Amino acid sequence: MTDTVFALATAPGRAAVAVVRLSGPASGAAVEALSGKAPPPPRRASLRRLRDSAGATLDEALVLWTPGPASYTGEDSAELHLHGGPAIVEGVMAALLAQGLRLAEPGEFTRRAFENGRLDLAQAEAVADLVDAETQGQARQALGQLGGALSNRYETWRAGLTQALAMLEAAVDFPDEELPADVAARARPPLETLLGEIDAALADEGRGRRVREGFRIALIGAPNAGKSSLLNALAGRDAAIVTATPGTTRDVIEVPMVLAGYKALLADTAGVRETDEAIEAEGVRRAQAWAHDADLRLWVVDQSAAGEWARARGLAREGDLLVLTKADLTPGPDRDAAMEQPLDHLALSVLAPADVATLRAELERRIVAALSGAEFPLATRIRHRDSLTEARRHMRRALDELEPAVELAAEDVRLAARALARVTGRIGAEDILDVVFSSFCIGK
């Protein structure tokens, strides 16, 4: 990149400090034009008076200079730490525009870091995730990915595929050389091992995305079971309307929460029942659709009612949690009907803070069990999952083709490596040649 860009790195509006970042070959000249002096020593803050082209003072600011390639973007870079008044920020940015610099596009600093080899694609995604992190769980995952926890595993897999491909390419391209007769067959064990690891990663692929996007918890059950009251009690505010009229909740009401350091989306849904009323019927359909995709479903049952639970119980599935509400009232037939389900259950009254705390603790326990793990999640976005799926497909086909058609197996291994390399943005045909010539004494 030959142009130089700048952008406000801190939130807009009135603040104590505002930081303007510059990146590109003209960064040093821009600093000198604003301050009348050459950039300060690298990575040392210097107090400078900044002036526009007419000599009018813009601000007294701290200036930081980071020459490339040892900068975030890999280019000459600078930061101007200004007083945070909007007028000051606008004045400095206008002076930079007058020098021929341009405003950076969204994500352009990180894109330059990727293009200059300072970050790979997975790490660049982690930068965005870190900025967007709302919970400790999201921040931990983003920091791990930024530190290479995901990229290193993909690079290890890609290196393993490159080694296997080197064996296959040697068998195809150098049949007259003094190579072991079973050189192609030797690729099978490492390919099978890699395939097993990718299968395991795909089986766990939803965990990383749920940390990023939120663990989905659906409150579902019959009308007037107490779902909206329970939502409000868990959220600590009146997020849903509560009335004695059945069918009050028509649409899905989502409330973001933080449970055990992870983001959760708690959804109140329309009561499940047969109805001829068009709007309520649509609400029931949406409730069932949201609940179908939820990570955890809480079946809310009014233990004092009669006959309401029977309409919904056929939708319960393994892993759901049964919540018997209105425990302060006399139990009715629905309690016995609900208890016939082989689900974990607890009884509570939303009027009792201790009961709500018990349910919250159970939700936190389940979220930690679902989202924490000894291994770093190897698919935190849909594109990671898609690349893993494609790589697995090619590897399985390569194993099937290994004996009858080594050439086809080699091509599928190559395509599998490319699929994995798309996650980090690293791939090169020369890598394969390097491994071939270093692994076997070709042309001795």
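The values are calculated or read from the model by the stated rules, or taken from the named source; none is laboratory data. The structure displayed is predicted, hence computed values, not measured ones. Neighbour counts run over all protein chains shown; Cβ positions are idealised from the backbone, glycine included.
Taken over segment 114-145, the criterion of being over 14 Å from P377 (Cβ atoms) and touching a helix residue (DSSP H, G or I) at 6+ places or on another chain (Cβ under 7 Å) is satisfied by F114, L119, D120, L121, Q123, A124, V127, L130, A133, A139.
The residue list I220, I253 contains one member that is out of contact with any Ser or Thr (no Cβ under 6 Å at 6 or more places or on another chain) and either modelled with pLDDT of 80 or more or under 29 Å from T389 (Cβ atoms) (or both), which is I253.
Among the conditions (1) aliphatic (A, V, I, L, M); (2) under 23 Å from R216 (Cα atoms); (3) surrounded by fewer than 20 Cβ atoms within 10 Å (Cβ to Cβ), the only one that L378 does not satisfy is (3). Under the condition of being in contact (Cβ under 8 Å) with a residue 40 or more places away in the chain and in a loop (DSSP other than H, G, I, E, B), the residues counted in segment 373-394 number 8. Taken together, the residues in segment 199-229 that are surrounded by fewer than 21 Cβ atoms within 10 Å (Cβ to Cβ), within 16 Å of R383 (Cβ to Cβ) and among the hydrophobic types (A, V, I, L, M, F, W, C) amount to 1. Checked against the criteria, A113 does not count as closer than 30 Å to M395 by Cβ and at pLDDT 85 or above.
Count of segment 335-370 residues, restricted to those that are within 34 Å of the chain's Cα centre (by Cα) and either assigned to a strand (DSSP E or B) or of a type in the set (F, W, Y) (or both), is 3.
No other residue among V350, V368, V323 is touching a Phe, Trp or Tyr at 6+ places or on another chain (Cβ under 9 Å), in contact (Cβ under 8 Å) with a residue 40 or more places away in the chain and under 18 Å from N224 (Cα atoms) apart from V323. Does G144 count as at pLDDT 90 or above, under 29 Å from the mean Cα position of the chain (by Cα) and in the same structural domain as D386 (by TED's automatic domain parsing)? So G144 fails the test.
Beta carbons closer than 9 Å, at least 6 apart along the sequence or on distinct chains, pair a first residue in segment 137-164 that is on the phi > 0 side of the Ramachandran plot with a second that is surrounded by fewer than 19 Cβ atoms within 10 Å (Cβ to Cβ) for G148/E155. For L202, state whether it is without any contact (Cβ under 8 Å) to a residue 60 or more places away in the chain and in contact with a Leu (Cβ under 7 Å, 6 or more places away or on another chain). Judged against the criteria, L202 is not a match. The number of residues in segment 57-69 that are loosely packed, with under 15 Cβ neighbours inside 10 Å and either of a type in the set (S, T, Y) or modelled with pLDDT under 95 (or both) comes to 2. Within segment 176-189, one or more residues are at pLDDT 85 or above, surrounded by fewer than 22 Cβ atoms within 10 Å (Cβ to Cβ) and either outside any loop (DSSP other than H, G, I, E, B) or touching a Gly at 6+ places or on another chain (Cβ under 8 Å) (or both). The set of residues from segment 1-34 being without any contact (Cβ under 8 Å) to a residue 60 or more places away in the chain and surrounded by 18 or more Cβ atoms within 10 Å (Cβ to Cβ) comprises S27, G28, V31. Of the residues making up segment 122-138, those that are surrounded by fewer than 16 Cβ atoms within 10 Å (Cβ to Cβ) and over 10 Å from the mean Cα position of the chain (by Cα) are V131, E134, Q136. Number of residues in segment 314-330 that are surrounded by 15 or more Cβ atoms within 10 Å (Cβ to Cβ) and at negative phi equals 9.
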